[in-house]
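The structure appears right after this line, and notes come after that.
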Amino acid sequence: MPISPSELKEYKSANTNSDGGAIDLTRLIPSGGPNNLWPDITSVMAAAGGTDYRKVFRRNESAMGLTWSAVRSWIQQQPQNVTVSVGIGAASASDNDATQGNMTALGAPAQVYLASDGTDVRTATVLGDDGLGNHIAENVVLVSATPVHTVATFTKMYAVQMSATDAARTVTVREGSGGPIRGTIGPNKITCWLWRAQDLITSATAYTHGDIAVNSSFALWFRRAWNAGISSVLGTADIVRSDGGTPP
């Protein structure tokens, strides 16, 4: 028996406006309803232009204990007059700063190199895709300012998540040895990620999450941006789809 869609739940994060933090299992997001996550953009807001953020968690609550397999997320449609971008969040309460979506896309397949700016032995987890489009997540232990790298070659990199924050250290993420900087994780930050919008509108180009075990979840950041002077826009229901299967 496959997982029922009703067993795949979505929850807000712990911050008041669901714009950061860990999962809050007391704040279920109703499926398909209006204003289930975003408020309407009023005429005053539309005239001024703006950007707002939400962080959500999608959770497998299969009653049969089934794994939600090969999960992918993409934007089903962009709303009129607004651009929605999506990034990969971390489970940690320290993931509460939307400006950490500072990652740029890889220019070519590469190993990912990481280095701190001082004494640092934390573990970094690099998330992305391999050459076959499969989800990969590789752990790399930092050796302070000495660059260390993934074994895998990433064709796409979506986020880097640290095992803990550090009040002083900044971690730099590079494409290859001595290649361009693709992201930074600053003091008291725990992750950086890549925002995607127009290139995320089909399942073929989706974010990959791998297999999600029962009672496990993954986090998504949403950014909604609009130019000054647009017509007011309703706070529509979810437009970001997450889909997968059930192993035989």
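Data for the structure
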{"quantity": "Residue check, residue 132 more than 19 Å from the chain's Cα centre (by Cα), free of Cβ contacts under 8 Å to residues at least 12 places away in the same chain and more than 20 Å from residue 104 (Cα to Cα)", "calculated": "yes"}
{"quantity": "Residue check, residue 98 surrounded by fewer than 20 Cβ atoms within 10 Å (Cβ to Cβ), of a type in the set (A, V, I, L, M), at pLDDT 95 or above and closer than 29 Å to residue 240 by Cβ", "calculated": "no"}
{"quantity": "Top-ranked residue in the stretch 164-204 [being modelled with pLDDT of 95 or more, more than 17 Å from residue 97 (Cα to Cα) and among the polar types (S, T, N, Q); ranked as surrounded by the fewest Cβ atoms within 10 Å (Cβ to Cβ)]", "calculated": "177"}
{"quantity": "Residue check for residue 184: touching a residue at least 24 places away in the same chain (Cβ under 8 Å) and part of a loop (DSSP other than H, G, I, E, B)", "calculated": "no"}
{"quantity": "Strands (runs of 3 or more DSSP E) wholly inside the stretch 4-78 containing at least 1 residues that are of a type in the set (Ser, Thr, Tyr) and without any contact (Cβ under 8 Å) to a residue 40 or more places away in the chain", "calculated": "23-28"}
{"quantity": "Odd one out for residue 210 among (1) at positive phi; (2) in a loop (DSSP other than H, G, I, E, B); (3) in contact with a His (Cβ under 8 Å, 6 or more places away or on another chain)", "calculated": "(2)"}
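The values are calculated or read from the model by the stated rules, or taken from the named source; none is laboratory data. Small disclaimer: the values here were computed from a predicted structure and weren't measured. No Cβ is skipped: glycine too gets one built from the backbone with ideal geometry, and neighbour counts run over all protein chains shown.
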